[in-house]
Each structure stands twice: as structure tokens, then as C-alpha cells.
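What follows is calculated from the coordinates using simple rules that are stated; it is not laboratory data. Please read these numbers as outputs of a predicted model, since none were measured by experiment. Ideal geometry is used to build each Cβ from the backbone, glycine not excepted, and the neighbour counts take in all protein chains shown.
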Amino acid sequence: MQSPKLIAFGEALIDFLSSKTDVNNAQESFVKYPGGAPANVAVAAAKLGVNSHFVGQVGDDSFGHFLADCLAGYGVNTQNMRFSKEAKTALAFVSLDDEGERTFEFYRQASADILYRAEYFETQWFNGNQGIFHTCSNTLTDAHITQATLAGMALADQANWLISCDVNLRANLWPDNTPNKERVIEWMMQAHVIKASLEELAELTSEPMALIQQTLAQKAQVFVLTDGANNVRYFTSSLSGEVKTPSVEVKDTTAAGDAFVGGLLAQLIRLAPTVQACSELDQKSWQSILEYAVASGACAVTEFGAYPALPSQQQVLEMLKK
């Protein structure tokens, strides 16, 4: 029987990370790093020992091949990654303030990742009846890529895989800087594992807790709610809890959320890689899984960049001891 695997679907892009360290530093240069939220999650899971695959499309250009090489170098299976001759690889320029918080400028108009289509998915990718299909809302920014995202989710659902979504709302990726709230919420309703920040939920609805309960009344087995450095809360249909975030020296938050999601999904792959198994987890199990995810995110903020900052299993275990 095949080992459970993670398929992270969506954008791989270049993060040009600013050298600027404070508001008084007028000189600013940018260093190239591999990035993109789903790609980051794929690397995070691979570095934690998971059978991790990335599915998406980049340009058949130097940036696209750089990303593919980086993913493979970190142990991610890229055999189903596509290279487009019709469009370029997406770029993001990431500036940091003096507390390590980010601002983004995206160059993603008709980029290669947006041109991924539903028919590119293959049923055999989901063989084995154990796995997780992960997406984020960046693949909902136009109708065609939304259709592709939902097609992948449908194949995962048919195979009894867990479907994961990270809301990861980036308004400046959407037309007129305005996310389609109905589309995002509809997508959330198709997932078994949902992660969102309180700020993101507040952008989607005036009643965040009601939306959480609505997802749990549909397919969701767990809803994980982050709130900056505050405790991480989690909710299932029958229980809830929270996990304290450790105090660490923050250098760069670029990969924090993706490291958190990678840690969460890595533990679910190991402990409950099907919908049924996930539904049977008790409070102690959820607490342990979320503590691991929090430790993974905490490790990531202590280093610069995305892939290089994502922790190993040993680093997460060391953080858990603190």
C-alpha cells in the first residue's frame, strides 16, 4: 500500500525579499528566494519527513526552473509540475518593517500559475485512499483557476482524502483589491481542515464565529484560528481548545503561516490521513497536533526567507521542549 501523501496545489513564485531593516534605511535591494504559499507548505511537509508533492504551473523561464530545482532540492516530488511557454512565472516583492512584518507587491497578471486548468489533474494522483490535498485562496482569484481548484478538491474527495485549505487572504491579488467573499466561503465549505487568521475571517464576515460553526456543520473536521502572537484556537464539531505560542526572536514572518500549516498537515498525515480517522481524534490528539504546528511556525520566524526558514523535524522537537 502506498504511503499517505500530501499534494499542495497552487502557486510557486519568486519572493524578492527586501534588505531594508528599518524605516530609516532608505537604500533597499531585493534578494531572490523561492516562495508561494502552497509551495512553501509542500517544502515544510517534506522537511518534516512527509511524502510531499507540489502540483502547479510556472513559466518555462529561468525563474520557473529555479523554483522547480529548489522544490526538488528540499525533497518535494515535482513530477506533476507544469512549465508554460505562454506565460511567465509570478513574482512578489516583499518589504519588511522593523518588526519583521511584511508588505507585498505582486506581479501576477496572467502569470503561469493562473493558467492551470481543471483538465490537468489526473485521477491516479489520488490513488491509495490516504492523503491530503491542500489549497489556499490565491487560486480563487479568477473563474478558471477557481474551477481548477474545485476540480482537484472533487478528485480528492472522491478518493476519501482530507482536503485542506488555508484562507491566506491577499487582497492585492484580486481584481480591484477586493476578494470575492462568496467564492472564498463556498471554497471553505468544501474542506475538512481549515486554517484562517482572525483578521482574514473579519474580512469575510461580520460574524467570524458563526462562519466557523457553519463550516463545521458542513465537511470541516477542524477549524484552526490564528491571531498573530496570541494563542491559536481550534474547533471541531464536539470540542475546542487553544495552544499558547512560544516567545521567540522574530526575524522574518514570511514563512510562519506556511510552516504552521506544514506542521499541522504533517502530523495529520502521520496520525489521521483520512476523513474518518480525522473525525475520531480526541482532545489530547488535537492538542498535540496543534502544539507541533505552533512549534513549526515559531521555528520559521527565527530565520530569513521561506524555504530556508522552514524547520526540520529535529528543530520542531527542540522548540517543543522550550
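Taking packing as the residue-averaged number of other Cβ atoms within 10 angstrom, the listed peptides 133-145, 310-322 run from highest to lowest as 133-145, 310-322.
With both labels modelled 7 Å from their Cα along Cα-to-Cβ, the ALA171 to GLU318 distance reads 3.9 nm. Rounded to whole numbers, the Karplus 3J(HN,Hα) couplings from phi for the stretch 187-197 are 4, 4, 5, 8, 9, 9, 10, 10, 10, 8, 8 Hz, using 6.51 cos²θ - 1.76 cosθ + 1.60 with θ = phi - 60°, and x at Gly and Pro.
Mind ordering 162-174, 286-298 by average Cβ neighbours within 10 Å, highest first? Before the final figure, lay out each step's value.
Working: 162-174: 21.5, 286-298: 23.8.
For the peptides 162-174, 286-298, the packing ranking is 286-298, 162-174.
Under 5 Å between amide hydrogens, built in the peptide plane, is the criterion, and for ASN51 it picks out LEU6 among residues at least 5 positions away or on other chains. In this calculation the C-beta distance from GLN276 to THR103 is compared with R0 = 56 Å, giving a FRET efficiency of 0.85. When only alpha carbons are used to place a centre, the stretch 258-305 and the stretch 187-220 end up 18 Å from one another. So for the stretch 172-322: antiparallel DSSP bridges make up what percent, rounded to the nearest 5? Here the antiparallel bridges make up roughly 60 percent for the stretch 172-322. For the stretch 232-288, GluC sites (Glu not before Pro) are listed when DSSP marks them as loop and at most 16 other Cβ atoms sit within 10 Å of their Cβ; the list is GLU249, GLU280. Each peptide in 66-77, 114-125 receives the mean, over its residues, of other Cβ atoms within 10 Å, and ordering these scores from highest gives 66-77, 114-125.
Would you mind counting up the charge near GLN276? Only other residues with Cβ under 15 Å from its Cβ, with Lys and Arg at +1 and Asp and Glu at -1. Walk me through the numbers before you get to the answer.
Values: positive: LYS219; negative: ASP157, GLU280, ASP282.
Result for the neighbourhood of GLN276: -2.
For the pair TYR120 and VAL248, a Förster radius of 30 Å applied to the C-beta separation gives a FRET efficiency near 0.15, rounded to the nearest 0.05.
Assuming charge only on the beta carbon of Lys and Arg (+1) and of Asp and Glu (-1), the dipole of the stretch 63-208 about its Cα centre is about 580 debye to the nearest 20.
Quick one: putting +1 on the C-beta of Lys and Arg, -1 on the C-beta of Asp and Glu, what dipole do you get for the stretch 7-320 around its Cα centre, in Debye to the nearest 20?
On the way: 19 positive and 36 negative charges, 142 e Å.
Here the size comes out at about 680 debye.
Taking label positions 7 Å along the Cα-Cβ direction at both LYS85 and ASN230, the computed distance is 5.3 nm, reported to one decimal. Sequence-ordered 3J(HN,Hα) estimates for the stretch 279-289 from the Karplus curve with 6.51, -1.76 and 1.60 and θ = phi - 60° stand at 5, 9, 5, 9, 4, 4, 5, 4, 4, 5, 4 Hz, glycine and proline given as x. Count Lys and Arg as plus one, Asp and Glu as minus one, and take only other residues whose Cβ is under 15 Å from that of ALA118; the net charge is then -3.
Among bridges DSSP assigns within the stretch 7-320, what percent are antiparallel (round to 5)?
40
Altogether, the Stokes-Einstein calculation at 10 °C and 1.306 mPa s, with the Kirkwood radius of the chain over Cα pairs as Rh, returns a diffusion coefficient of 82 µm²/s.
The string of couplings for the stretch 118-124 from the Karplus curve (6.51, -1.76, 1.60, θ = phi - 60°) is 4, 6, 6, 5, 10, 4, 5 Hz, one whole number per residue in order, with x for Gly and Pro. Which residue, chosen from ILE14, VAL232, GLY56, occupies the Cα position most advanced towards the positive end of the dipole of the stretch 7-320, where the dipole is computed from +1 (Lys, Arg) and -1 (Asp, Glu) charges on Cβ about the Cα centre? Sorting the options by dipole projection puts first GLY56. Between LYS32 and GLN214, the simple spin-label model (points 7 angstrom out along Cα→Cβ) gives 4.3 nm.
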